[in-house]
1. How many nm is it between the label spots at Glu64 and Asp211, if each spot is 7 Å from the Cα in line with the beta carbon?
2. Sum up the charges of everything whose Cβ sits under 13 Å from the Cβ of Ala231, counting Lys and Arg as +1 and Asp and Glu as -1, but leave Ala231 out.
3. Once both labels are modelled 7 Å past Cα along the beta-carbon direction, what's the Ser299-Ala142 spacing in nm?
4. Suppose the chain between Met246 and Glu73 were pulled fully straight at 0.36 nm per residue; how much longer would it get relative to their current alpha carbon spacing?
5. Taking square-rooted eigenvalues a ≥ b ≥ c of the alpha carbon gyration tensor, is the stretch 179-256 rounded, prolate or oblate, where a/c under 1.5 means rounded and, failing that, a/b exceeding b/c means prolate?
6. For the pair Arg120 and Ala262, how long in nm is the line joining their label points, each one 7 Å along Cα→Cβ?
7. Compute the Cα gyration tensor for the stretch 28-128, then decide on rounded, prolate or oblate, letting a ≥ b ≥ c be the square roots of its eigenvalues: rounded whenever a/c is under 1.5, prolate when a/b is larger than b/c in the other cases, and oblate in all that remain.
8. Let me have the relative contact order for the chain, percent, based on Cα pairs under 8 Å that are six or more residues apart.
Amino acid sequence: MKRGELLYRGSVKLVYAVTGDPARVVFEFTDRISVFDKWIPNVVPAKGEVLCRVASFWFRRLAEAGFRTHFVEQLGPTTMLVDRIEVEHDYARITPGRRGVLVPLELIVRHFAAGSFFDRMEKGTLAGVPPGTFAYGERLPAPFCETSTKVEATDRLIGRAEALRISALSGAELDAIWKTCLDVDVLIEAQVALGGLVHADGKKEFGRAADGELMLVDVLGTPDEDRWWDADALAAGEVRQHSKEMVRDHYRKIGYKDALYAARAAGEPEPEIPPMPAALVAQTSALYVSLFERITGESFR
């Protein structure tokens, strides 16, 4: 297999064509890192390898459990081969049943009061959930599912009607996608409990395969996509983060997130994100390696 031209450069992932095989592409995971849709001017050693190996681990587990994904095989420490899915930015061109295209949605499942769910609840902007309903770190009585856009410049939360409109999914197809998300999380929760972790929340993406069937795409269950906590600490009443949330927390504490979101709300130029301190880079790298081992039960080296 020969890697072809670079098709896409994301904040943390590169996508290459495969020479002689237009039905597949290569994902290459880098050590770059982003938060709040902003690319931080740092690299985190070992991060790309952790993402590739963790994602490959989950794809193999999902295949064993009967879930369809676009994963073909892991090629190297930071590369994997997957079925090609086109990313269409014009919603008008995403027609019902269009094959080989990304569903332009992120499906987010929250199992605990944390992150933006908790922030919005406390600000009184989460419909139907008054401030003080849940304490931070409290398990929700049922998974809280919400949808955001995927192919716009900045992700935004949307309701079911808009999700159906922009994705051209039928109601039954969207319901089936949500069922898959919840079923996958059952598998994830059982696996990571063996490593003393709690799966607090995470996001998933789907695409329509060449034969028209829906399947899981991109990556899932990684330190970037999902939020992980230490199980023993949580049982003792402490939320101990084990995910990229620690990096987000840094930018919250220095006031960057508030400044960024204020600029977005006002339609003003977004402030440049400052680099991570060296100590935080080292801490983040160690965390990613530790998470690989706790999620997979395998040694990183």
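We did not get these values from a lab; they are worked out from the coordinates using the rules stated. Quick caveat: nothing in here was measured; it's all calculated off a predicted structure. Positions of Cβ are generated from backbone atoms using ideal geometry, with glycine treated the same way; all protein chains shown enter the neighbour counts.
1. The two pseudo-label positions are separated by 2.3 nm.
2. Counting the neighbours of Ala231, the net charge comes to -1.
3. If labels sit at Ser299 and Ala142, their model points lie 4.6 nm apart.
4. Values: separation 173, 0.36 × 173 = 62.28 nm, distance 3.07 nm.
Gain on extension, Met246 to Glu73, equals 59.2 nm.
5. Details: a/c = 3.58, a/b = 1.53, b/c = 2.35.
Here the stretch 179-256 falls in the oblate category.
6. Rounded to a tenth, the inter-label distance reads 2.2 nm.
7. On the way: a/c = 1.61, a/b = 1.19, b/c = 1.36.
Oblate is the answer for the stretch 28-128, as a/c is 1.5 or above yet b/c matches or exceeds a/b.
8. 19
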